[in-house]
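*Asks:* The structure under discussion is supplied below as structure tokens; questions concerning it will follow.
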Amino acid sequence: MTEIRKSWRGCCEVQVTIDPRSDDDRREAKALAYTAMVGQPDVGDRVLLNCNALAKGLGTGGYALIVAIPDRLPEDVAEPGHIVKGRYTPQQAMRMAVDEEDSPHRDAMVAADDLDGMPVVVADLHSALPAILAGIQADRPETTVAYVMTDGGALPAWFSRTLNDLSDRLVGVVTTGQAFGGDLEATNVHTGLLAARHVLEADVTILSQGPGNLGTGTVWGFSGTACGDAVNATAALAGRAVGSLRISDADARGRHVGVSHHSLTAYGRVALAPADLPIPLGLDAELDARVRDQLNGLPDRHRVVEVAVDGLVDAMRDLPVRLSTMGRKLDEDLAYFLAAAVSGRHAATLIGA
């Protein structure tokens, strides 16, 4: 390891030299260490790397990952908790679930049975999170917002610099399923939402997968189908589901132009319970017509809601994070970020409704 580049909560980005198979194969790369799992790397350390993401040229996950620091292994420590995340993998993590017997929140979770009507904003991509948050707090800056991270993308919440940079604007992060590293750990989406409401005392919860959406270009082959499952979970717990539509006129792939097929499949075919689906007013006329035509094909149980965008661009610019989705910044895919922001603005109107 040759350099420590930067650090944030639970994560350290370093520069490494990958041992060459030949003199012509020597190369430098960025690598990530999850310090809670492998310890804190130092310059000069030999590190064991997983380079699959580099070999495949992945975008979001384009790092080598430090598996171990062989010459300086962390001490064996009996971590509290009985819930295993990343189960039966070599780096499975033992975590304290919010609702298990030894949890300090056990009593609250035993008593929790519904969300008391809490709005839950469901998003396909992790990149929507800051825009949704800006939309919620643009009109109601005092609103307490929790984030529930599902396991469709990155499993460690530490991978997300967005979460690190938004930590003072969120009341907490709950990681669910096989995801881990949040302020609270939950067994599934249902207990994650209950923890957001009854432990973190959130007024509104945002739910999405972590960074690194998986998609195959087929109707059903993408991790965002979980959005429909989250709508169903919210309804089962007497919450109010708000679907953040994935809308774009900047994506070069036809299946994501207008309303992405991810949103149309998740809300149109997976979600069996109703959701509010906000759309931003003032979109380009051609895009607006396409979006409305696509949404006409969704089941009648959903409610399309028109939401004004006044002040939302400024609210997003004021965030302490740089907005980016699929490599496109705020001004390069404004419709995407406005669609996320209006879902937050609408959710804020439902608090206590």
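*Asks:* How big, in percent, is the set of alpha carbon pairs in the chain lying more than 29 Å apart?
*Replies:* 41 percent
*Asks:* Let a ≥ b ≥ c be the square roots of the eigenvalues of the Cα gyration tensor of region 16-149; is it rounded (a/c under 1.5), or, if not, prolate (a/b larger than b/c) or oblate?
*Replies:* Note, shape of region 16-149 comes out oblate.
*Asks:* Taking the Cα centre of region 262-342 as origin and charging only Cβ (+1 Lys, Arg; -1 Asp, Glu), how large is the dipole, in debye to the nearest 20?
*Replies:* Computed about the Cα centre, the dipole is about 380 debye.
*Asks:* Which of Met1, Ile66, Ala108 sits farthest toward the positive end of the charge dipole of region 1-120, with +1 on the Cβ of Lys and Arg and -1 on the Cβ of Asp and Glu?
*Replies:* Value: Met1.
*Asks:* Now a separate question. Among Ser103, Ser260, Ser244, which one shows the biggest mean-square fluctuation in a GNM of the chain, springs joining Cα atoms closer than 10 Å?
*Replies:* Looking only at Ser103, Ser260, Ser244, the largest GNM fluctuation is found for Ser103.
*Asks:* Ok, one more. Using the Cα gyration tensor of region 77-222, with a ≥ b ≥ c the square roots of its eigenvalues, what is the shape: rounded (a/c below 1.5), prolate (a/b larger than b/c) or oblate (neither)?
*Replies:* The shape class here is oblate.
*Asks:* Mind putting a number on the dipole of the chain about its Cα centre? Charges go on the C-beta only, +1 for Lys and Arg and -1 for Asp and Glu, and I need it in Debye to the nearest 20.
*Replies:* 760 debye
*Asks:* Another question about this same structure. Which value, in debye to the nearest 20, gives the size of the charge dipole of region 66-118 about its Cα centre, when Lys and Arg are +1 and Asp and Glu are -1 at the Cβ? Can you show the working numbers first?
*Replies:* Working: 5 positive and 12 negative charges, 81 e Å.
The calculated dipole for region 66-118 is roughly 380 debye.
*Asks:* For region 36-128, what does the relative contact order come out to in percent, with C-alpha contacts under 8 Å and a separation of six or more?
*Replies:* Working: 91 pairs, mean separation 16.7, N = 93.
RCO, region 36-128: 18 percent.
*Asks:* Between the DSSP loop rule and a limit of at most 13 other Cβ atoms within 10 Å, which trypsin sites (Lys or Arg not before Pro) in region 301-349 are left?
*Replies:* For trypsin sites (Lys or Arg not before Pro) across region 301-349 that sit outside H, G, I, E and B with at most 13 neighbouring Cβ atoms in 10 Å, the list reads Arg301, Arg322.
*Asks:* I need to check one value: relative contact order of the chain, counting alpha carbon pairs closer than 8 Å and at least 6 residues apart, in percent.
*Replies:* 17 percent
*Asks:* Quantify, in whole percent, the carbon and sulfur part of the accessible surface of the chain (1.4 Å probe; protein heavy atoms only).
*Replies:* Answer for the chain is 48 percent, counting heavy atoms of protein chains only.
*Asks:* May I ask for the longest run of the chain untouched by chymotrypsin sites (Phe, Trp or Tyr not before Pro) that are loop-located per DSSP and have at most 12 neighbouring C-beta atoms (other than their own) within 10 Å? Display every interim value, and only then the final one.
*Replies:* Details: sites that count: Tyr88, Trp220.
In the chain, the maximal stretch lacking such sites is 221-353.
*Asks:* Within 15 Å, Cβ to Cβ, of Gly311, how many net charges do the neighbouring residues add up to if Lys/Arg are +1 and Asp/Glu are -1? If you can, show how the numbers build up before the last one.
*Replies:* Numbers: positive: Arg140, Arg317, Arg345; negative: Asp139, Asp310, Asp314, Asp318.
Net charge in that neighbourhood comes out at -1.
*Asks:* May I ask you to give the solvent-accessible area per residue for region 60-130, in square angstrom, as obtained with a 1.4 angstrom probe?
*Replies:* Working: 3880 Å² over 71 residues.
Computed with neighbouring chains in place, this is 55 Å² per residue.
*Asks:* Net charge near Leu32: determine it from the other residues with C-beta under 12 Å of the C-beta of Leu32, scoring Lys and Arg +1 and Asp and Glu -1.
*Replies:* Surrounding charge for Leu32 is +3.
*Asks:* Which residues in region 150-164 have a backbone N closer than 16 Å to a point placed 7 Å from the Cα of Asn50 along the Cα-to-Cβ line?
*Replies:* 151-160
*Asks:* Right, another one. Could you work out how far apart the two model spin labels at Asp331 and Trp220 are, taking each label as a point 7 Å from the Cα in the direction of the beta carbon, and quote it in nm?
*Replies:* The answer from the label model is 4.4 nm.
The values are calculated or read from the model by the stated rules, or taken from the named source; none is laboratory data. In this text the structure is predicted, and so the values were computed from the model without any measurement. Glycine also receives a Cβ, built like all others from the backbone with ideal geometry; neighbour counts cover every protein chain displayed. Note: accessible area is taken over every heavy atom of the protein model, side chains too, but ligands, DNA and RNA are not part of it. Shrake-Rupley method; radii C 1.70, N 1.55, O 1.52, S 1.80 Å.
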